[in-house]
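Written below as structure tokens is the structure these notes are about.
The values are calculated or read from the model by the stated rules, or taken from the named source; none is laboratory data. Keep in mind that what you see is a predicted model, and the values were worked out from it rather than measured. Quick reminder, even Gly has a Cβ in these numbers, built from the backbone with ideal geometry, and neighbours come from all protein chains shown. All accessible areas refer to the heavy atoms of the entire protein, side chains included, with ligands and DNA or RNA removed. Shrake-Rupley method; radii C 1.70, N 1.55, O 1.52, S 1.80 Å.
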Amino acid sequence: MIKIYDSFSQRLQPLAPNKKQVNMYLCGPTVYNYIHVGNIRGVLVFDVLHRLLIDQNYKINYVHNITDIDDKIIKKAADLKITEQQVTEKYTLAYYEDLEKLNIISPTKLPKVSEYISKIIEFINKLIIKDYAYFTAGDVYFKVNKLKDYGSLAHKNIEDLIPNFRIKNLVAKENNLDFALWKSTTIGISWNSPWGKGRPGWHTECACFVEALFNGQTIDLHGGGVDLKFPHHENERAQFVAVNNKKMSNIWWHNGHVNIANEKMSKSLNNFILVKEFCQQYHPNVLRYLILNRDHQQPIDFNKETIENGLVSTKKYENVLKQWTYQIFINNILCNNNHHSIYYQQIIKNLSNNIDTTNTITLIENMIKKLNEALIKKNFNEEFQEIFYTFTFALKILGFDFKVGNYSEKIKNKIKIWEQLKKEKQYQEADKIRQELKDLNII
């Protein structure tokens with residue numbers, strides 16, 4: 001059974017008990033710029049969970065939204081003197097490219113806010129009918145006081161929250177904590193609605209997506225960064241509960257911050273690292289390693305030492321993979337898949353326990369020691385074959401992509417010629433083939 005830590009109950013909870021389908025939602029990026037490594041942390045952890053669910057034969061409905069309506073997008077378009085659509089198209093495409101570089105399995109749906117305006121208007125209207133929202137001065141607000149357990153996800157009392165709202169919006173709001181569902185505007189893109197021209201508030205989009213794409217049912221898992229817990233997730237949850245009179249999600253999952261040299265990464269501090277730049281300078285596998293080699297609920301620090309460790313470790317993975325793949329080919333070894341091995345069972349146990357990727361990486365390190373021992377001794381018996389198969393499975397389920405193996409016929413012929421030249425002691429010609437194979441990352 002897969003168990004995930006739930007921020008609401010603050011304990012491990014079974015994921016989709018007694019059923020073989022998982023409905024999950026992960027908050028996505030606002031596409032006004034390239035994403036940074038902090039944005040991708042939750043996506044990478046959810047990708048591992050996605051892979052685990054596939055391996056365990058679950059049916060998966062995984063929604064990951066794209067926020068393409070936002071004040072930041074409008075400002076960016078104005079600064080560049082282009083349309084909001086041009087901004088969002090550019091950075092949405094860039095986001096898809098980052099997902100592909102990082103070998104992330106595509107979610108079931110990647111809905112954009114701009115495609116769901118009519119659904120959002122319908123959703124807001126339901127809140128008004130149920131007296132959970134009100135229209136004033138062109139805007140629609142949610143009545144925070146109407147929901148008895150508002151603040152329970154963030155474990156905050158309404159009375160404690162009020163002093164934190166220093167900037168008081170006194171324009172006819174009933175309560176300073178009430179948040180906008182629909183905002184009237186004359187700046188940037190807008191749509192017609194029963195309340196006049198405007199655009200939706202940020203907190204409404206996700207609540208609407210969950211209702212529309214999961215048929216108003218309580219989902220199994222809702223995730224995002226810890227900074228989204230309040231107010232974003234709290235406000236999403238409030239709206240969904242108000243409309244549907246049921247929980248929004250059985251499990252709320254939050255990942256920790258990413259720090260740069262022990263300082264919280266922030267665009268305002270200009271200390272962020274873009275995913276695309278990190279992948280160009282190092283490698284997507286290194287980014288995946290750094291994020292997965294840390295408890296996902298704890299902060300993670302990117303610095304010279306951790307990045308160097310990621311480079312060394314992933315290079316070690318690749319070298320073992322290359323050497324074993326080569327030996328399997330030249331020795332004509334049939335490496336049988338074995339899902340009953342001790343290592344395989346331990347991998348599944350680790351990942352089923354709150355997506356424990358750190359201990360899974362420790363297990364990979366243990367397997368590498370044994371696989372290197374086999375290479376030194378040139379011992380490729382069934383025991384080591386089983387370890388190698390499980391090693392490749394571990395890399396796959398964690399999402400690493402080393403592009404090693406699957407030799408083409410041309411490569412196979414080169415290897416055969418090289419082996420033959422070595423046997424015949426034609427070392428000069430053999431060295432030429434060796435260099436070709438090395439350039440092709442075969443050896």
In debye, nearest 20: dipole of the stretch 151-260 around its Cα centre with unit charges on the Cβ of K, R (+) and D, E (-)? 260 debye
For the stretch 326-427, what is the relative contact order in percent, using Cα pairs closer than 8 Å and at least 6 residues apart in sequence? 30 percent
Label point distance in nm, Ala172-His257, each placed 7 Å from Cα along Cα→Cβ: 3.8 nm
In the stretch 299-388, taking the dipole from +1 charges on Lys and Arg beta carbons and -1 charges on Asp and Glu beta carbons about the Cα centre, the listed residue (Leu311, Asn331, Ile347) farthest towards the positive end is Asn331
Among Pro200, Leu80, Val113 - extreme Cα towards positive end, dipole of the chain, charges at beta-carbon: Val113
Shape of the stretch 110-221, Cα gyration tensor, a/c cut at 1.5: oblate
Exposure ranking of Lys410, Lys156, Lys432 by accessible area [1.4 Å probe, largest first]: Lys410, Lys432, Lys156
Solvent-accessible area of Asp79 with every protein chain in place, 1.4 Å probe, in Å² to the nearest 10: 100 Å²
Calculate I(q)/I(0) for the stretch 305-399 by the Debye formula, one identical point scatterer on each C-alpha and no solvent, and give its log10 at q = 0.13, 0.18, 0.19, 0.25 Å⁻¹ to two decimals. -0.44, -0.82, -0.91, -1.38
Round to a whole number: what % of the accessible area of the stretch 280-331 belongs to carbon and sulfur, probe 1.4 Å? 46 percent
Near Lys247, which lysines are there with a Cα under 21 Å away, not counting those fewer than 8 places off in the same chain? Lys3, Lys19, Lys20, Lys119, Lys126, Lys130, Lys143, Lys146, Lys148, Lys156, Lys229
Contour minus Cα-Cα span, Lys425 to Asp71, at 0.36 nm per residue, comes to 120.4 nm
Pairs of Cα atoms farther than 27 Å apart, the chain, %: 60 percent
By a straight-distance test (C-alpha under 20 Å), which aspartates and glutamates pair with Lys316 as possible cross-link partners, with residues fewer than eight away in the same chain excluded? Glu305, Glu308, Glu365, Glu373, Glu386, Asp401, Asp439
With θ taken as phi - 60° and the coefficients 6.51, -1.76 and 1.60, list the Karplus ³J(HN,Hα) couplings across the stretch 174-189 in order, rounded to whole Hz; mark glycine and proline as x. 6, 9, 5, 7, 4, 10, 6, 9, 9, 10, 6, 7, 10, 10, x, 5
For the chain, find the longest principal axis of its Cα atoms and tell me its angle to the long axis of helix 71-80, 0 to 90°, nearest 10. 70 degrees
Residues whose built amide H sits under 5 Å from the amide H of Asn250, excluding neighbours closer than 5 in sequence, are Ile219, Asp220, Leu221
With Cα springs under 10 Å, the Gaussian network model of the chain assigns the largest mean-square fluctuation among Asp47, Asp55, Asp98 to Asp55
Expressed in whole Å with the largest first, what are the equivalent ellipsoid semi-axes of the stretch 179-231 derived from the C-alpha gyration tensor as the square root of 5 times each eigenvalue? 26, 15, 8
How far is the Cα center of the stretch 237-298 from the Cα center of the stretch 14-64, in Å? 12 Å
To the nearest 10 degrees, how steep is helix 202-213 against the longest Cα principal axis of the chain, on a 0 to 90 scale? 70 degrees
Applying the Karplus parametrisation 6.51 cos²θ - 1.76 cosθ + 1.60 with θ = phi - 60° to the phi angles of the stretch 82-90, what ³J(HN,Hα) value in whole Hz is obtained for each residue in order, glycine and proline being reported as x? 10, 7, 4, 5, 5, 5, 5, 5, 4
Given Cβ point charges of +1 (Lys, Arg) and -1 (Asp, Glu) and nothing else, what value in debye, to the nearest 20, does the dipole of the stretch 50-111 about its Cα centre take? 80 debye
At 222 nm, what value in deg cm²/dmol follows for the chain if DSSP H runs of at least 4 each add -39500 (n - 2.57) and the sum is divided by all its residues, to the nearest 500? -15000 deg cm²/dmol
At each listed q (0.23, 0.24 Å⁻¹), what is the log10 of I(q)/I(0) that the Debye formula gives for the stretch 401-443 modelled as equal alpha-carbon point scatterers? -0.74, -0.79
Longest principal axis of the chain (C-alpha) makes with the long axis of helix 382-397 (C-alpha) an angle, in degrees to the nearest 10, of 30 degrees
To two decimal places, what compactness ratio does the stretch 1-122 give when its Cα radius of gyration is scaled by 2.2 N^0.38 Å? 1.23
Provide the per-residue ³J(HN,Hα) series for the stretch 419-424, in order, calculated from phi with Karplus coefficients 6.51, -1.76, 1.60 and θ = phi - 60°, each as a whole number of Hz, with x at glycine and proline positions. 4, 5, 4, 5, 4, 8
Do any of Lys304/Lys438; Lys90/Lys276; Lys315/Lys422; Lys173/Lys197 go past 24 Å between their Cα atoms, and which? Lys304/Lys438; Lys315/Lys422
Rounded accessible area of His257 (nearest 10 Å², 1.4 Å probe): 60 Å²
Probe 1.4 Å, heavy atoms of protein chains only: per residue, the accessible area of the chain in Å² is 49 Å²
Pick from Thr30, Thr306, Thr357: which is most flexible by mean-square fluctuation in a GNM of the chain where alpha carbon atoms under 10 Å apart are linked? Thr306
Would you grab the residues whose amide H sits under 5 Å from the one on Asp139? Only those 5+ places off in sequence or on another chain, please, with H modelled 1.01 Å from N. Ser184
Calculated FRET value between Glu159 and Lys130, using beta carbons and R₀ = 30 Å, to 0.05: 0.75
Return the FRET efficiency for the residue pair Ile330, Val226: r is the Cβ-Cβ distance, R0 is 41 Å, and the value is rounded to the nearest 0.05. 0.25
So how far apart, in nm, are the two label points at Ala137 and Gln85 if each is 7 Å from Cα heading toward Cβ? 3.3 nm
Out of every Cα-Cα pair in the stretch 194-288, what percent are more than 15 Å apart? 71 percent
Which of Ala16, Ala78, Ala430 moves the most in a Gaussian network model of the chain with Cα springs under 10 Å? Ala430
For the stretch 1-127, the percent of accessible surface on carbon and sulfur atoms (probe 1.4 angstrom, ligands and nucleic acids excluded) is 48 percent
I'd like the projected area of the stretch 138-296, averaged over all directions, using the convex hull of its alpha carbons. Report it in nm² with one decimal. 12.7 nm²
